[in-house]
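Written out below as structure tokens is the structure these notes cover.
A short reminder: the numbers here are calculations on the coordinates, not readings from a lab. Please read these numbers as outputs of a predicted model, since none were measured by experiment. All Cβ positions, glycine included, derive from the backbone under ideal geometry; neighbour counts span all protein chains shown.
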Amino acid sequence: MEEPVGRDEREAEWEAAAAEVDAAYELHDSYSAEHKLLLAQHAARAHALLAALAPASARERAQIALLRGKLLDSSPAYSAEAEALLTRAVKLEPRSIDAWNALAECVWKGGQLELARACLDEALRVRATCGSLCQLSMLLRAMSGSASDGADVPLVLDSLRFAKEAVALDVECGRAWFVLGSACLAAFFAATREVHDLRSALKAYHRAASAARRPQEGCADLHYNRAIVLQYLLEYGQACCAFASAHRLAPELGAGAHRAALLAFARKCAEAVAARGHLPRKRLQQLAAALRAAPDPPPAAVGLHGAQLSGLALGSNDRACVSASVVAELVPAAQTPLCYVCVDRSGDAALLCVYNTVPSAISVLQTVCVLRPDRRALLVPLDGGGELQLDVLVVEEPATQLLVQGAALLPAHVGRARVTSTAAPAPPRASGDSFDR
């Protein structure tokens with residue numbers, strides 16, 4: 001005759017089963033081959049432990065439904081059986097935040113985004129938690145992807161608000177910082193085009209990697225998203241390193257191809273600057289002569305002194321302006337900034353990178369004047385050794401930093417830059433996040 005199981009032993013069995021289910025569930029959106037193997041191992045142990053459990057109360061029946069539902073939902077595909085089990089769990093235990101969150105995740109996977117939002121609303125009615133807020137932030141970004149033009153912006157901004165609330169509830173959670181970084185990045189794409197949102201995303205990803213709990217350093221998506229942000233911030237060398245890390249962790253992401261494309265674009269920029277846009281020497285001489293004949297600084301550059309590219313210090317030159325002719329336009333490897341080759345009156349050339357404007361704002365052979373120019377030296381390590389160096393002028397606020405043909409940009413020229421290439425830019429990613437749902 002078998003001896004009855006003691007209370008402590010029974011609780012230990014439930015805790016062990018829950019731990020294995022949670023371990024499998026934690027990995028269910030991973031793109032790492034190693035993590036997929038771990039998921040299978042945790043799932044096998046969880047199945048064995050769950051089979052041995054015998055629920056003796058309504059609360060335990062709710063718990064077993066939750067655990068079995070989460071375990072089924074840890075697979076990549078949507079499971080109707082998982083949805084049924086998780087629906088049973090919330091009916092038996094309507095104040096279970098974990099059950100509402102799991103049901104939201106399950107129906108989201110099945111394409112029922114509005115139902116997923118309703119589930120998360122129920123979880124938040126019980127109590128606001130970091131996990132529910134993170135999930136809601138990601139879900140709203142997923143919903144913004146199918147929203148009509150203009151309707152996506154409120155969803156993305158709400159996503160950012162909920163991500164900030166999640167971090168405020170648990171500043172030590174790496175997952176929350178990761179979600180915040182992705183929300184800042186989404187806000188940049190969909191709503192603001194403000195460079196500070198990119199910098200905020202980068203800071204959040206840094207906190208995500210080094211957080212005390214649930215650090216994301218081993219997450220391929222973290223490195224992928226960081227690479228995208230660094231690319232848009234013109235930190236090409238660091239972006240290449242981040243793409244390489246993402247590729248090492250999960251080759252199937254395609255980060256290696258994006259790294260190769262970025263290196264190719266950097267080479268193209270360096271070659272175009274060195275060749276002065278491949279314009280004939282006589283045409284370059286004519287452009288330089290026209291610049292020398294023009295007022296320097298131009299009348300609209302009030303309070304600034306004219307400078308040449310060689311006279312600019314690295315960093316911000318708050319009292320200077322530099323006039324140059326645009327000799328080539330380069331289709332960037334990303335959506336922004338727009339990139340041009342410009343040549344000053346002495347014949348020196350640099351790469352001009354302009355954020356928050358439209359392609360029609362600047363044309364080849366026009367004269368531009370960059371007010372308070374930010375000069376940067378970009379170093380890009382090359383495969384096999386060596387590095388490229390790019391001399392870059394960065395314009396983050398074109399409405400106040402840029403004159404074209406002696407005049408400020410029109411309001412219609414300041415706004416979201418569009419991709420002119422048929423090649424799609426590298427999209428940001430996040431495990432279970434809206435960018436690749």
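Taking the stretch 200-215 and a reference point 7 angstrom along Cα→Cβ of Ala168, the backbone N atoms nearer than 18 Å belong to 204.
Of all lysines in the structure, those lying under 24 Å Cα to Cα from Lys282, and not within fewer than 8 positions of it along the same chain, are Lys268. Segment Ser75..Lys268, full-extension length gain: 65.2 nm, with 0.36 nm per residue of separation and the alpha-carbon distance subtracted.
Would you mind ranking Leu140, Leu103 by Cβ crowding within 10 Å, fewest neighbours first?
Numbers: Leu140 27, Leu103 30.
Result, fewest neighbours first: Leu140, Leu103.
The angle separating the long axis of helix 7-26 from the principal Cα axis of greatest extent in the chain is about 30 degrees.
At a threshold of 8 angstrom on Cα-Cα distance, excluding pairs fewer than six apart, so keeping six or more, what relative contact order does the stretch 67-159 reach in percent? Mind dumping the intermediate values first?
Values: 105 pairs, mean separation 17.7, N = 93.
So the answer I get is 19 percent.
Against the chain, whose longest principal axis is taken from its Cα atoms, helix 236-249 shows a tilt of about 30°. Highest mean packing first, where packing is the average number of other Cβ atoms within 10 Å per residue, the peptides 392-398, 167-173 line up as 392-398, 167-173.
Based on Cα contacts under 8 Å between residues 6+ apart, the chain shows a relative contact order of 11 percent.
Starting from the eigenvalues of the Cα gyration tensor, five times each then square-rooted, give me the equivalent ellipsoid semi-axes of the stretch 221-320, largest first, whole Å. Don't skip to the end; give the middle numbers.
On the way: eigenvalues 301, 73, 15 Å².
In descending order, the three semi-axes are 39, 19, 9 Å.
What's the ranking of 295-301, 247-253 by average number of surrounding C-beta atoms within 10 Å, highest first?
Details: 295-301: 15.7, 247-253: 17.9.
Listed from highest to lowest mean packing, they are 247-253, 295-301.
Within the straight-line cut-off of under 24 Å between alpha carbons, the lysines reachable from Lys91 are Lys70, Lys109, sequence neighbours fewer than 8 places apart in one chain being disregarded.
Taking amide H as placed 1.01 Å from N in the peptide plane, Leu388 has its amide H under 5 Å from the amide H of Val380, Leu382, each at least 5 places away in sequence or on another chain.
Shape analysis of the stretch 1-127 places it in the oblate category; the axes a ≥ b ≥ c from the Cα gyration tensor give an a/c of at least 1.5, with a/b not above b/c.
For the stretch 385-393, putting each phi into the Karplus relation 6.51 cos²θ - 1.76 cosθ + 1.60 with θ = phi - 60° gives couplings of x, x, 7, 8, 10, 10, 8, 10, 9 Hz, in residue order, rounded to whole numbers and with x for Gly and Pro.
What is the magnitude of the charge dipole of the chain about its Cα centre, with +1 placed on the Cβ of each Lys and Arg, -1 on the Cβ of each Asp and Glu, and no other charges, expressed in debye to the nearest 20? Write out the running numbers ahead of the final one.
Working: 44 positive and 48 negative charges, 333 e Å.
Charge dipole of the chain: 1600 debye, to the nearest 20.
For the peptides 339-345, 285-291, 215-221, the ranking by packing is 339-345, 215-221, 285-291, with the highest mean count of neighbouring Cβ atoms within 10 Å listed first.
Rounded to the nearest 10 degrees, the angle from helix 281-293 to the longest Cα principal axis of the chain is 80 degrees. The shape of the stretch 276-413 comes out rounded: with a ≥ b ≥ c from the C-alpha gyration tensor, a/c is under 1.5.
Dipole orientation for the chain: of the candidates Thr357, Pro298, Ile64, Pro298 has the Cα lying most toward the positive pole (charges on Cβ; Lys, Arg +1; Asp, Glu -1). The phi torsions of the stretch 71-88, fed into the Karplus equation with coefficients 6.51, -1.76 and 1.60 and a -60° offset, translate into couplings of 5, 5, 7, 6, 7, x, 8, 5, 10, 5, 5, 4, 4, 5, 5, 6, 5, 4 Hz, rounded to whole numbers, with Gly and Pro shown as x.
Apply the a/c threshold of 1.5 to the C-alpha gyration tensor of the chain and tell me whether it is rounded, prolate or oblate. Spell out each step's value before the answer.
Values: a/c = 3.34, a/b = 2.55, b/c = 1.31.
Verdict is prolate for the chain.
Computed from phi, the 3J(HN,Hα) profile of the stretch 49-58 under the Karplus parametrisation 6.51, -1.76, 1.60 (θ = phi - 60°) reads 5, 5, 5, 8, 7, 10, x, 10, 8, 4 Hz, with x in place of Gly and Pro. Along the axis of the charge dipole computed for the chain (Cβ charges of +1 for Lys and Arg, -1 for Asp and Glu, origin at the Cα centre), the listed residues Asn317, Ser96, Phe243 are led at the positive end by Asn317.
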